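No value in this document is a laboratory result; all are computed from the given coordinates. Note that the structure is a prediction, hence the values are computed from the model and not measured. Because the Cβ atoms are built from the backbone with ideal geometry, glycine has one as well, and the counts that use them run over all protein chains shown.
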Amino acid sequence: MVNSVLPYWDQNIDLDIAPWVPYGKDYSPVTVNSLCNPTLCGLAGLALEMKSEFLYMRSFRSGSIGAMARQNMIDPIKNSSIELGFTMVFAYSEQLEQSVLRLLHRYPGLMAGLTLCDIWRENVLVDECKVLMLVDEDPFFNETDFIEALYKTFQNAAGRSSSNLSFFAEKFGYKRFSISYETDDLTQMRITQALFDLELDATKEVVGPVPELKVPPMPSLK
C-alpha cells in the first residue's frame, strides 16, 4: 500500500509529445537530457534507480525540456519562447517522494504535490500515470542550484554516484507502461476530481479549505 505524504494538486496535467518522440520503447530516455545539461542527465539516470523517471522541466533559463519535450533540445529554435517560473515533473515513486521531502525546506517558494498526468500525441491519449510535480512561481527561480541539490539528494537516496540502470535501459530499450497503485485507482481519481469540481461554495465554507494545492497559472506543458 502506498502512503503518500505530499498533498495532491487540485487538477490533472497534460503532456503533449511530438509525433516522432518514442514513448512505449525509448533508447535514450536519459542521455537525451545531456543535450541541455549534463547534471540533468545524471539526475535522470538516478531517478530510474528510484523507480521513477524524469519527464519534463520548464524554466526561464532552459525553456521546456525533458524526455517528453526532446524536440526542444534537438532543435533549440522550437524552444525559443520565454517561460517564467519553474515546473518539474517526475513519474511517481515512494523513494522519489521521500527524496524531495528532504529538500523542500531549503526552497521556501517551492511547492511539491502529486497528480495524474495524461500523455498525448496528436490528440490521442497515449498513457496516463501518477506524477510528482514541483512548482515555483518565482520568475527567476535558481534552477541550477536546485538541480545540483536534487542531484546530490538522489545520489544519497540511491546509494550511488551514478546510475547503472540507465545503461541497460538505453542498450535494450526503456519500456514505459503505467501500473496503477493499490490506493490510486485512476478512474476513482477522476471521479473524485469531478465531485470536487461540483462541490458547492457554501459547503466549502463549512468544511474548511481542501487539502489540495492550487496549481498556479502556467502555459500548456508541451
Span from the the range 19-42 Cα centroid across to the the range 142-162 one, whole angstrom: 18 Å
For residue 44, net neighbour charge (Lys/Arg +1, Asp/Glu -1) across residues whose Cβ lies under 12 Å away: -3
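Of 25/171; 51/214; 130/171; 25/51; 130/175, which pairs sit farther than 20 Å apart, going by alpha carbon to alpha carbon? Each step should come with its number before you reach the end.
Working: 25/171 11 Å; 51/214 27 Å; 130/171 26 Å; 25/51 16 Å; 130/175 16 Å.
Those over the limit are 51/214; 130/171.
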Electrostatic dipole magnitude of the range 111-181 [Cβ: Lys, Arg +1; Asp, Glu -1; Cα centre; debye, to 20]: 600 debye
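For the range 13-183, what does the alpha-carbon gyration tensor say about shape, rounded, prolate or oblate, given a ≥ b ≥ c as the root eigenvalues, a/c under 1.5 as rounded, and a/b over b/c as prolate?
Verdict is rounded for the range 13-183.
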Percent RCO, i.e. relative contact order, over the range 13-183, from Cα pairs under 8 Å lying at least 6 residues apart: 32 percent
Distant-in-sequence amide H partners of residue 60 (H built 1.01 Å from N, under 5 Å): 85
Summed side-chain charge close to residue 85 - residues other than residue 85 whose Cβ falls under 12 Å, Lys, Arg +1, Asp, Glu -1: -3
Under the Karplus curve 6.51 cos²θ - 1.76 cosθ + 1.60, θ = phi - 60°, whole-Hz ³J(HN,Hα) for the range 151-156, x wherever Gly or Pro sits: 4, 5, 5, 5, 4, 5
Unit charges on C-beta of K, R, D, E only; dipole of the range 13-183, Debye: 520 debye
Contact order normalised by residue count of the range 94-133, Cα under 8 Å, 6+ apart, percent: 33 percent
